[in-house]
1. I'd like the FRET efficiency for A:SER271 and B:GLN51, computed as 1/(1 + (r/R0)^6) with the beta carbon distance as r and R0 of 30 Å, rounded to 0.05.
2. What angle, in degrees between 0 and 90 and rounded to the nearest 10, separates the Cα long axis of helix B:269-287 from the longest principal axis of the Cα atoms of chain B?
3. FRET efficiency for A:HIS156 and A:SER191, Cβ-Cβ distance as r, R0 = 25 Å, nearest 0.05?
4. Could you derive backbone 3J(HN,Hα) for the stretch B:168-180 from the dihedral phi with the Karplus parameters 6.51, -1.76 and 1.60 (θ = phi - 60°), listing whole Hz in sequence and x where the residue is Gly or Pro?
5. Mean-square fluctuation check for chain B, GNM, Cα pairs under 10 Å: which of B:ARG106, B:ARG206, B:ARG240 is largest?
6. Which parts of the stretch B:108-142 would a label at B:GLU152 reach, counting a residue when its backbone N lies under 17 Å from a point 7 Å out along Cα-to-Cβ?
7. List the residues, sorted by chain then number, that are 5 or more residues from A:GLN169 or on another chain and whose placed amide H is less than 5 Å from its amide H.
8. Under 8 Å for C-alpha pairs, at least 6 residues apart: give me the relative contact order for the stretch A:319-369, rounded to a whole percent.
Amino acid sequence: MTLTRRHLLGMGAALGGAAVLGGWALWQGRGGPSPLLLSARNDEAGQHYCAGYFLDGRRAFATPVAERCHDVALHPILPLALFVGRRPSRESYLIDLRDGRVLQTLQSQPQRHFYGHGVFHKEGDWLYATENDLDEPGRGVLGRYRLNRNTLELIHDGEVPTHGVGPHQLAWMPDGESLVVANGGIRTEGSREKKNLDSMAPSLVVMDRHGELHSKETLRHQQSSIRHLAVADDGTVITGQQFQGEAWESVPLLAVKRPDQPYQPFPVSASQLAMMDQYTASIAIHSQRRQVAMTAPRGNRFFVWDLDSAETLVDVPMADCAGVGVVGDGFAVTSGQGRCRYFGYRDGQVTSHWLDLPAGWWDNHLRLR
Amino acid sequence: MRAVMILLLAGLVSACSHPRQEVTGQLTHQVLLPAHQQWHDSNAALLVATQGYCASELDLAALKQSFYRSLQGWAHLQPLMIGPLAEGNRSWQVQFWPDKRNLVARQVEALLDAASSLDQQALENGSVVVQGLSAFEYVVFDDSVDLEKQSERYCPLLTGIARHQVALSAQVLSLWEGPDGMTAMLTTFPNARFANVDEALGSILRTQITAVDTLKKKLGVPMGRLNKGVPQPWQAEAWRSQHSISNLQASLSGARAVWERVRSLVGDTQLVTRIDAAYENTAQKLAGLSEPLVLLVQHKDNQLRLQSLYDSLDNLETLQQIELARDLGIQLGFNANDGD
């Protein structure tokens, strides 16, 4: 569904956030044609920020926050986003995208912490976040939060299991009601220390948002932690793994679940695998162009493949490349160390240019609006 | 079809008078590239020596000397291996360390048991564990191998490894050459890899500082720092050839070569003096160790000296990682070391 501004105004009114509406219209005007890039970011002093920059380089906001965040859950209608605390954070931040104001510091429930990823439901009333159950460390739960339309606050409203250990990223399937969840398989106990490298249990789960399990699949290599994913319009899911075994072994780090087909490795060359240093960070799918992009920050490498043929379209060095998101005909890519870049691929040619955004310190995920 | 890359580059190439550009150019042409070339030359010499030994034209002592030179070349290069050698798991093909489960010995013997005579293709298709200097060292130095009597069994492997090292180092050198090579990336900005000289200089320093951290591991692991203080002598690098200390010295000299060029950029003269002193102090402590590390860690009397060396390396790393990086305004780490 393509949302027009009239739709947005109508839906916003239906939600009752009258105070937000006027600001939303104003804010839309400020951005002009340049999309807003949202990402967690640090500065050189180690201060954490919820950051929003228009892609042309103008700063929308950079809000200092107490804990480092990871992914950003965009509200589908209102100018809101939850910057989700990075494992094992106890805080996430609901940000007003018009000015960067913190509307709410969302505390995790007792004996729970955030795993860095969350998503809003398409109608905007519910948020789902992957969390760790510290009473049974590693047991994945999906925290469910209701958005109060009047106060613009998220209120915890229960949880369901993710049917696996150490859940990380999650995304909606095309029906907008079921979720695909990457259970990383690693048990942690409120820290970043990995407790079960010899008995990891990663899995890719498709479940409905109320907790019912639709499918649960695994990969051959039990030490391949399934961490990041993206879903194409047709329901094709690409996942990125982080291998916890020997650094010199060659193990698939990308996998694909196509509609009605089993979950299996996505074919990339052995030399590309070696370039990834056993670590994938962020995945984005350009559904119209049927392209999938992936960052490998440890290998300092950025890739784009054809989603259907797996042909390599872009394979370039990029220092500590971090988040990736779809922009126009290509992808915007941030970096933890250097300048952010745009990469596009069309008619057999790669186009690339640096973006006029601050260099370095960007976290591993970005969202564009 | 290989994609053709069109870079829509903004900005102009900076003038060569820029001090950082001058230093990065010096590092590239006078330190990094020559170290890669010397490593390749030592590999070429190792192949000649191996073929000579296997044809009974050279003795074992000469073969060992040639191996030491390759190992030294590799150790010196580690703090300088920005770019191609650091990518694509290539460095695993040179050396397999740490070898926690004695995989080198086990995989070499299994490979040789599986074939009546090993050919180059079988080695190329095999594990990185058997393709590098660690496997070569096992064959030449391990007590369980009588190379003189079993040269028919082991010579094809030694020759294969030496060939592999020559081909690998030639491949890496070729990736330094040409308009899209690493040399160009480090000297002309912006380019496909670096937006400006600061990014290039930052990458060189990251490589160098990571190598100093690795030196701490190469010392700390056999000392037992990760094993509740219980020494692990056979976890030392190059313990079979008893060359661990020489390797540490060669790597330190590589790291120091970077510092010697970078120091002119540092504004804080006291910091320059302190880093100079840290290098000198570490070098002296290493020079004072006359026995091989595999033996030193096994005697409690040496504990203080080894701890002192470790502290010295730790100080050197901290000075560069925190104070030098701050002085130069260069960012040394983020997601690659601390992601999710």
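The values are calculated or read from the model by the stated rules, or taken from the named source; none is laboratory data. Note that this is a predicted model, so its numbers are computed, not measured. Cβ sites come from the backbone with ideal geometry, for glycine too, and all protein chains shown count toward neighbours. These area figures cover heavy atoms from the full protein model, side chains too; ligands, DNA and RNA do not enter into them. Shrake-Rupley method; radii C 1.70, N 1.55, O 1.52, S 1.80 Å.
1. Here the calculated transfer efficiency is 0.55.
2. The answer is roughly 10 degrees.
3. Working: r = 23 Å, r/R0 = 0.91.
It comes to 0.65.
4. So the Karplus estimates, Gly and Pro as x, are 5, 5, 5, 5, 5, 4, 5, 6, 8, 9, x, x, 9 Hz.
5. B:ARG106
6. Only B:112-119 pass the distance filter.
7. Here A:ALA182 satisfy the definition.
8. Contact order relative to length: 37 percent.
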